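**Student:** Below: one structure in C-alpha cells.
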Amino acid sequence: MNILVINCGSSSLKYQLIDSDSEKVLAKGLAERIGIGGSVLTHTPAGKDKVVTETDMPDHSVAVKLVIEALTDKEHGVIGSLSEIGAVGHRVVHGGEKFDKAVLVDDSVIRDIEELSALAPLHNPANLIGIRSCAENMPGVPQAAVFDTAFHQTMPKKAYMYGLPYEYYEKYKVRRYGFHGTSHDYVSRRTAEILGKDRKDMRIIVCHLGNGASISAVKNGECIDTSMGMTPLEGLIMGTRSGDMDPAIFDYICEKEGLTPAEMNNVLNKKSGVLGLSGLSSDFRDLGEAAAQGNEKAVMTLDTYSYHVAKYIGAYTFAMGGVDAISFTAGIGENNYDVRRRVCDYLGVIGASVDDEKLHIRGEEIIVSTPESKVAVLIVPTNEELTIARQTLELLK
Ligand code: AMP
C-alpha cells in the first residue's frame, strides 16, 4: 500500500509517498510559502530530477491539491490516480498525556488535537490544517495522527515532573513531554538491529542533533527520560533555541532590555542557541568553517554545545544504571565530525572508545566505536517519515 506522509507547518507542507511493502520512497517534496505569497512546490520523484513549480498556494488545501496533481502527473508522477494512496500519516507535534501512540483520525481526535494546541500553539493548529486539507481533497482515505510526544509517554513521573507547585500540573498539565519521539523510537530500534540485539534488553542513548536537538534515554525499549520539556525549548543548546537556563534570567533580561515576555520568548526561541552564542550562524557548517579559521567565538560555541550533549549523556547513563549504546542522528549528528569528536572525547570515563577514521563518515549507518569499546557508539540516520508510514500501516491492520 502507498502511504502519504505529511508534515505540515504553518506555511509549509513536506510530504513523502512511501510504498509500505518495499518501504521505498516513491516521491517526496515540499510546498513552501503557503498563504504568504511567492509559493513554491518542489517535487522529487525517486531516481529523477526535482521539479520546481512556482504557483500560487493561498492555503494548505490548494497545496494538498497540487501535491496530488504532482504525484499523479503523467510526466513527473509516480502513481496513476488518487486511488493508489491507501492512507495518509500526519506528523502531529503535541499529543499531551492523551496520546501514547498513533491513532486513526476521527472527529474526537481532531477535537483533542485542537485542545492540545494550548501546549503547542505554533504547531498543532498547522498539523490540523494538514489533516483537514487532506480530508477535503482525499475523502474516504484513512488518516493517522502520529505524535512527536507519544514515544516519551513511558517516562516515569519522577522524570516528567518539574519542581513547581503541583497545581500547575493538575490545572494546566505543566510537565515534561519531550519531542522528536518518532526519531528516538526509530533510531533506538535501528541501533539494536544494527548491533544484532533486542531493544528490550538494551540501554540506549539517542542524540538527535538537528536544528532542534534532543537526547533520550531508552531503557528496555521504552523512553525513561528526554531533554526537551513541556515545549521544545528545554534541554540542549540548539540552532536558535537556548535550551536549559536559569529561569530567573527571563525577568532579568526583560527588565534590562525593556522587552515584553513575548519579545523575550522570541529571543529564546529564535535568537539564542548557537546563533546567539556565536553571533555568526545557526548552521554548524558555518561554525565549523569559522572555527577552522580560528574564530574564538565559533570554537567556544562548539565547545559549549558539545559539553552540554556530554553532560546529558552522563546524566542518562546514571538514570539507566549504565549504557550499552549511544547513537548520533539528525543533521548534525549524522554529518558533523567536529561535534561528534568533541562529545566522544568525554566518553572515555564510561569505557567508550571510537575509531576516528569512522567518526569522519557522514550520513551512513555505521558503528564508530572500536571492538574493545565497552559502549557501542553509532551514527544512525533518522527516518521519521518511515516511522510515520509504519505506524499508519499498523493502525490499518
Ligand atoms: P536538521 O534539523 O536535522 O535538518 O539539521 C540541521 C543542522 O544540521 C544544521 O545546523 C546544519 O548545519 C547541520 N548539517 C547538515 N549537514 C551538515 C554537514 N554536512 N556538515 C555539518 N553540519 C551539517
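Bear in mind that the values in this text are calculations on the coordinates, not laboratory data. All of these numbers come straight from a predicted model, not from anything done at the bench. Note: ideal-geometry Cβ built from the backbone for every residue, glycine included; neighbour counts use all protein chains shown.
**Student:** Which residue, chosen from Ser278, Val380, Thr317, occupies the Cα position most advanced towards the positive end of the dipole of the chain, where the dipole is computed from +1 (Lys, Arg) and -1 (Asp, Glu) charges on Cβ about the Cα centre?
**Tutor:** Thr317
**Student:** Moving on. Two decimals, Cα atoms only, Kirkwood Rh: what is Rg/Rh over region 123-209?
**Tutor:** Value, to two decimals: 1.09.
**Student:** Relative contact order of region 94-155: what whole-number percent is it, with Cα pairs under 8 angstrom and at least 6 residues apart?
**Tutor:** Working: 62 pairs, mean separation 34.5, N = 62.
Reported relative contact order: 56 percent.
**Student:** On a 0 to 90° scale, report how tilted helix 124-137 is relative to the longest principal axis of the chain, with both axes built from alpha carbons and the result rounded to the nearest 10.
**Tutor:** 20
**Student:** Something else about it: Against the empirical 2.2 N^0.38 Å scaling, what ratio does the C-alpha Rg of region 1-154 come to?
**Tutor:** 1.02
**Student:** So, one more: Rounding to the nearest 10 and keeping the result within 0 to 90°, find how far the Cα-based axis of helix 60-72 lies from the longest principal axis of the chain.
**Tutor:** Result, in degrees: 80.
**Student:** So, one more: Would you mind telling me which residue in Asn127, Asn266, Asn383 has the biggest mean-square fluctuation in a Gaussian network model of the chain, where springs connect alpha carbons within a distance under 10 angstrom?
**Tutor:** Maximum fluctuation in the GNM of the chain, among the listed residues, is at Asn266.
**Student:** Counting only C-alpha contacts under 8 Å and six or more residues apart, can you give the relative contact order of the chain as a whole percent?
**Tutor:** On the way: 825 pairs, mean separation 54.6, N = 397.
That works out to 14 percent.
**Student:** Along the charge dipole of the chain, Cβ charges K/R +1 and D/E -1, which of Ala120, Val40, Cys134 sits furthest on the positive end?
**Tutor:** Comparing the listed Cα positions along the dipole, Ala120 ranks first.
**Student:** Which whole-angstrom value gives the distance between the alpha carbon centres of region 223-291 and region 164-187?
**Tutor:** Answer, in whole Å: 19.
**Student:** Loop sites only, by DSSP: take the chymotrypsin sites (Phe, Trp or Tyr not before Pro) in the chain that have at most 16 other C-beta atoms within 10 Å and name the longest stretch containing none of them. The partial results should precede the final answer.
**Tutor:** Numbers: sites that count: Tyr162, Tyr346.
Free of exposed loop sites, the longest segment is 163-345.
**Student:** Over region 187-278, calculate the relative contact order: mean separation of alpha carbon pairs under 8 Å at least 6 apart, over the residue count, as a percent.
**Tutor:** Relative contact order for region 187-278 comes out at 20 percent.
**Student:** Moving to a separate point now. Against the longest alpha carbon principal axis of the chain, how many degrees, from 0 to 90 and to the nearest 10, is the axis of helix 261-270 turned?
**Tutor:** Relative to the chain, helix 261-270 is tipped by roughly 90 degrees.
**Student:** Starting from the Cα gyration tensor of region 221-331, take the square roots of the eigenvalues, sort them a ≥ b ≥ c, and report rounded, prolate or oblate (rounded when a/c is under 1.5, otherwise prolate if a/b is larger than b/c, else oblate).
**Tutor:** The shape class here is oblate.
**Student:** Quick one: plug the Kirkwood hydrodynamic radius of region 262-314 (C-alpha pairs) into Stokes-Einstein at 20 °C, 1.002 mPa s, and report D in µm²/s.
**Tutor:** Answer from the Stokes-Einstein relation: 184 µm²/s.
**Student:** Let me ask something else. When Rg is the radius of gyration of the Cα atoms in the chain and Rh is its Kirkwood radius, what does Rg/Rh come to? List each step's numbers first, then the result.
**Tutor:** Details: Rg = 21.3 Å, Rh = 22.1 Å.
That ratio is 0.96, to two decimals.
**Student:** So what is the 222 nm mean residue ellipticity for the chain from helices alone, if each DSSP H run of at least 4 adds -39500 (n - 2.57) and you divide by all residues, rounding to the nearest 500 deg cm²/dmol?
**Tutor:** Only helices count here, giving -11000 deg cm²/dmol.
**Student:** Now for a separate question. Quick one: what do you get for region 273-387 if you divide its Cα Rg by 2.2 N^0.38 Å? Provide the component values of the computation, followed by the final result.
**Tutor:** Working: Rg = 14.5 Å, N = 115, 2.2 N^0.38 = 13.4 Å.
My calculation over the Cα atoms of region 273-387 gives 1.09.
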